[in-house]
Amino acid sequence: MGIRSVLLEVANTYDETAGTAKGVAAQDLLRSLRRRTDLPVPPGFTLKGYGGNGFASSTPWIGVYDPNITLVPHDGLYLAYIFSSDLDSVTLTLQQGVTRLKNDFEVRQDLYTELERRAHKIRRRIPRELIEGWIKRPQFQGKGWRPRAYEASSVAARRYDVANMPAERIMSEELLRLAEVLGIAAGVNQPSPQCAEFESTPMVYVGDADFDRRNALEGFKPKDGRDYIVKIEAHVQEKSQRHEPLILDFAQGLESLGYKPITEGKHPRDLVLRAAVADGREWLVEAKVVRKGNTTHAVRECLAQLFEYSHFHYRERGLTEPHLVGLFTESVGAYASYLERHGVASVWKTEDGWAGSPLAVSWGIVP
């Protein structure tokens with residue numbers, strides 16, 4: 001069962017008049033989510049369903065939490081799927097905690113105004129392209145102060161009509177994309193070395209069969225690897241020295257396997273590979289540095305960006321969708337099988353050279 005199926009089941013079975021007791025189908029389902037391990041949430045994230053406490057909520061919802069940011073909806077930032085009161089729609093939203101803040105305001109409208117102000121402040125610091133097309137303020141039409149607070153506190157949202165729910169893969173991609181935005185938004189409030197970092201790096205294009213292997217690296221022009229400064233919106237962030245050398249080393253390994261790497265014209269994608277015997281399908285590769293052993297963060301960013309680029313650079317343009325590959329500076333351990341579950345192969349550096357997941361080996365892209 002995927003997220004889509006869970007949301008549809010809640011929409012089709014939830015009954016506010018039935019209360020919250022054990023044995024109420026939708027309430028039991030919502031309570032069970034915190035123990036589920038089979039749902040495709042971003043790596044390291046947890047789920048928790050909410051249908052009310054004592055009295056059933058007019059707008060049931062499911063929280064999606066990054067434990068590195070918050071585990072509760074009272075404070076901090078988190079993701080949520082919130083149903084409208086008529087259950088005709090459910091909205092994926094990046095939320096601010098509202099419960100703790102409400103104690104600071106005797107007048108509810110003052111609370112809503114403050115939540116809107118904070119949401120606007122966070123939104124301004126997120127790169128525009130990451131939330132372009134997302135709703136700023138959703139509508140839930142619920143009873144009481146909470147639904148209005150959820151509306152005011154939303155940073156970015158995507159509304160799904162229950163009668164016309166998108167495919168599971170699209171919903172997974174959008175959840176991963178908003179998880180990336182969550183990491184950035186959390187960095188706005190509490191700067192941390194674990195926060196998402198923006199990569200503006202070269203790609204590798206593996207060309208046709210009739211290339212000259214002696215000039216296989218012609219057109220591959222990686223940066224020199226020194227730390228440099230990029231300005232994205234209001235952020236000025238240092239870039240790592242390890243990202244470009246990772247791409248260069250991988251490109252040189254591919255050259256030895258008979259590929260031609262080219263870096264021009266594919267930004268923001270890191271690498272694009274094409275087999276010497278072209279079959280019309282490409283390999284889309286996202287390179288990530290594993291920092292301080294934090295494989296969760298590296299895999300999370302990699303998966304989100306691969307799905308995003310595949311969607312916008314291929315599917316939206318009517319092109320054949322590519323094979324997906326994560327390239328890492330070190331082994332990602334158990335996450336290799338997690339990535340393969342999502343159709344993503346992984347390749348990583350070792351002391352002796354390179355290693356890869358079974359899918360990467362079968363594709364012949366491990367130097």
Inset, instruction - Please give the per residue volume of the convex hull enclosing the alpha carbon atoms of segment 305-364, rounded to a whole number of Å³. - result: 86
Legend entry - Accessible area in the full protein assembly, largest first, 1.4 Å probe, for His74, His267, His243: His267, His74, His243
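Across every pair of different alpha-carbon atoms, what Kirkwood hydrodynamic radius in Å does segment 1-150 reach?
Details: mean 1/r = 0.0615 Å⁻¹.
Result for segment 1-150, one decimal place: 16.2 Å.
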Inset, instruction - Taking 7 Å along the Cα-to-C-beta vector as the label spot, tell me the Gln141-Glu106 distance in nanometres, rounded to one decimal. - result: 3.5
Legend entry - DSSP-loop chymotrypsin sites (Phe, Trp or Tyr not before Pro) across segment 269-367, with at most 16 other Cβ within 10 angstrom: Tyr314
Legend entry - segment 36-141 - percent relative contact order, Cα under 8 Å, separation 6 or more: 18
Legend entry - trypsin sites (Lys or Arg not before Pro) lying in DSSP loop within segment 20-49, provided at most 13 other Cβ fall within 10 Å: Lys22
Legend entry - Residue among Gly19, Ser89, Gly49 farthest towards the positive dipole end of segment 1-97, charges placed on Cβ: Gly49
Inset, instruction - Evaluate E = 1/(1 + (r/R0)^6) for Arg124 and Val72, where r is the Cβ-Cβ distance and R0 equals 30 Å; express this FRET efficiency to the nearest 0.05. - result: 0.70
Legend entry - Solvent-accessible surface ranking, highest first, for Asp66, Asp88, Asp15 at 1.4 angstrom: Asp88, Asp15, Asp66
Legend entry - Accessible area, probe 1.4 Å, largest first, for residues Val107, Val272: Val107, Val272
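The values are calculated or read from the model by the stated rules, or taken from the named source; none is laboratory data. Quantities reported herein were computed from a predicted structural model and do not represent experimental measurements. Please note: Cβ atoms are built from the backbone with ideal geometry, for glycine as well, and neighbour counts cover all protein chains shown. Keep in mind that these areas ignore ligands, DNA and RNA; they rest on the heavy atoms of the full protein, side chains included. Shrake-Rupley method; radii C 1.70, N 1.55, O 1.52, S 1.80 Å.
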